[in-house]
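**Q** Dumping the structure here so I can ask a few things about it.
The values are calculated or read from the model by the stated rules, or taken from the named source; none is laboratory data. Only a predicted model underlies this, so the values are computations on that prediction, with no experimental measurement involved. Virtual Cβ from ideal backbone geometry, glycine too; neighbours counted across all protein chains shown. Heads up: the accessible areas ignore ligands, DNA and RNA and are worked out on the full protein's heavy atoms, side chains in. Shrake-Rupley method; radii C 1.70, N 1.55, O 1.52, S 1.80 Å.
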Amino acid sequence: MAVAHKSVISFGLVAIPIAMYTATQDNDIRLNQLHKEDSERVRYKKTCAHCGKELASGDIVKGYEYDKDRYVVITDDEIEKIKTEKEKAIQILHFVRLNEISPVYYEKTYMAVPEPGGEKAFELLRSALMEEQKVAIGKTIIGTRDTLMAIIPREEGVLISTMFFQDEVKDLPKTYPKTEPQKAEMDMARLLINAMDTPFNPEEYHDEYQVKLRALIETKIAGREVTAPKQEGAGNVINLMDALKASVEKAKGQPENDKEPGAKKKPKKEKAMA
């Protein structure tokens, strides 16, 4: 696995060299754009707006438009020159509890691994964070932008999630017509939640749409007709309390290893982060 980024976690006066690896991957099936008449690929060419010349990667530089059609060229070397060694490191700013961070702030997750010589300090930081049930908030420069980060301890290692700044997060709708649930409805909702309570097991979840898309592609390759599956009926409209009761009965009627999502209840391997 290729290293996505190398840095140093600055923890007080302790410096921990790390390598960061991407923790996720995109498994989506990609569909190409084709010319409708002959099914040939649509290609995009980079050309100069002034002379019309087609450009290769080596012909392209970066620039900032400071006035209408007037640019100043900025090179990668010049960008690196303005970064200090302190800014290149991941400076831990403070520590918080995981549940204090809204999920809307998380952007991309990496797996952090200590570089040779940093193993002891790395494990000390991970263990201390686990013991205190905290995550570290840090900041560094990646590429051309300041990057906020959450350093999250796990039993098997450390995850680093890049985060959005406050001004990058849109205001979420804060108001909607709220009604006070009746006690019987609330009790039934709690009962349904408890009936469907199973440990989170990521192996149980799959992208079913991609499976169906793959089957569609194979059907087309084989020259067969694509047919739509039989649609399930919407059923009778019932009130909220009846829907809750029916849902609880359905959940209770499922065998323990057939509940969705999740299968058999398994002991948790990691300490719960409060």
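**Q** Please report the antiparallel percentage of the DSSP beta bridges confined to the chain, to the nearest 5.
**A** Antiparallel bridges: around 95 percent, rounded to the nearest 5.
**Q** Can you tell me how much longer the chain between HIS50 and GLU131 gets when fully stretched, taken as 0.36 nm per residue apart minus their C-alpha distance, in nm with one decimal?
**A** Length gained between HIS50 and GLU131: 23.0 nm.
**Q** Starting from the Cα gyration tensor of region 66-106, take the square roots of the eigenvalues, sort them a ≥ b ≥ c, and report rounded, prolate or oblate (rounded when a/c is under 1.5, otherwise prolate if a/b is larger than b/c, else oblate). Kindly include the intermediate steps, with their values, before the conclusion.
**A** Details: a/c = 5.07, a/b = 1.86, b/c = 2.72.
Taking the square roots of the gyration eigenvalues as a ≥ b ≥ c, region 66-106 is oblate.
**Q** Here's a follow-up. Under 1.5 on a/c is rounded, so check that first for the chain, then, if it is not, pick prolate when a/b is larger than b/c and oblate when it is not; a ≥ b ≥ c are the square roots of the alpha carbon gyration tensor eigenvalues.
**A** Details: a/c = 1.99, a/b = 1.22, b/c = 1.64.
Because a/c hits 1.5 or more and a/b fails to exceed b/c, the chain counts as oblate.
**Q** Output wanted: per-residue J couplings in Hz (rounded whole) for region 182-189, from phi through Karplus 6.51 cos²θ - 1.76 cosθ + 1.60, θ = phi - 60°, x for Gly and Pro.
**A** Each residue's phi maps through the Karplus curve to give 6, 4, 5, 5, 5, 4, 5, 5 Hz.
**Q** For VAL158, list long-range residues whose amide hydrogen, built 1.01 Å from N in the peptide plane, is under 5 Å from its own amide hydrogen.
**A** ALA112
**Q** Find, among the trypsin sites (Lys or Arg not before Pro) in region 113-173, those assigned to loop by DSSP (not H, G, I, E, B) with at most 12 other beta-carbon atoms within 10 angstrom.
**A** Of the trypsin sites (Lys or Arg not before Pro), the ones in loops of region 113-173 whose Cβ has at most 12 other Cβ atoms within 10 Å are LYS170.
**Q** Okay, next question. Which whole-Hz ³J(HN,Hα) couplings does region 156-167 yield from phi under the Karplus relation 6.51 cos²θ - 1.76 cosθ + 1.60, θ = phi - 60°, glycine and proline marked x?
**A** Along region 156-167, the couplings run 8, x, 10, 9, 10, 10, 6, 10, 7, 7, 4, 6 Hz.
**Q** Next question. How high is the FRET efficiency from ALA121 to ASP197, r the C-beta distance, R0 30 Å, rounded to 0.05?
**A** Details: r = 39 Å, r/R0 = 1.29.
After rounding to 0.05, the efficiency reads 0.20.
**Q** How large is the Rg to Rh ratio of region 165-218 when both quantities use alpha carbon positions and Rh follows Kirkwood?
**A** Result: Rg/Rh = 1.20.
**Q** With the Cα gyration tensor of region 24-83 giving a ≥ b ≥ c as the square roots of its eigenvalues, does the rule (a/c under 1.5 for rounded; else a/b larger than b/c for prolate; else oblate) give rounded, prolate or oblate?
**A** oblate
**Q** Amide H neighbours of ILE90 under 5 Å, counting only residues 5+ apart in sequence or on other chains, H built in-plane at 1.01 Å?
**A** Answer set, sorted by chain and number: VAL8, ILE9, SER10.
**Q** Let me ask something else. If you count only protein heavy atoms and use a 1.4 Å probe, how large is the accessible surface of THR24, to the nearest 10 Å²?
**A** Taking all protein chains as shown, THR24 has close to 90 Å².
**Q** Rounded to the nearest 10 Å², what accessible area does ILE193 have for a 1.4 Å probe in the complete protein model?
**A** 120 Å²
**Q** Which value, in Å² rounded to 10, gives the accessible area of LYS86 with a 1.4 Å probe and all protein chains present?
**A** Roughly 140 Å² of LYS86 is accessible to a 1.4 Å probe.
**Q** Between ASP59 and ALA243, what is the spin-label point distance in nm, taking each point 7 Å from the Cα along the Cα→C-beta axis?
**A** Reported label-point gap for ASP59 and ALA243 is 5.9 nm.
**Q** Can I ask one more? In Å², what does the accessible area per residue of the chain work out to with a 1.4 Å probe?
**A** Each residue of the chain exposes 79 Å² on average to a 1.4 Å probe.
**Q** For labels at GLN182 and LYS230 in the simple 7 Å Cα→Cβ model, what's the distance in nm?
**A** Label-label distance for GLN182 and LYS230, simple model: 3.7 nm.
**Q** How high is the FRET efficiency from LYS68 to LEU31, r the C-beta distance, R0 35 Å, rounded to 0.05?
**A** It comes out at approximately 0.35.
**Q** Also, quick follow-up: Which value in deg cm²/dmol, rounded to the nearest 500, describes the helix-derived mean residue ellipticity at 222 nm for the chain, given -39,500 (n - 2.57) per DSSP H run of n ≥ 4 and division by the residue count?
**A** Details: 6 runs with 65 residues, N = 274.
Calculated mean residue ellipticity at 222 nm is -7000 deg cm²/dmol.
**Q** A further question on this structure: If I model a spin label as a point 7 Å beyond the Cα along the Cα-Cβ vector, how far apart are those points for VAL96 and ARG43 in nm?
**A** Between VAL96 and ARG43, the label points sit 4.9 nm apart.
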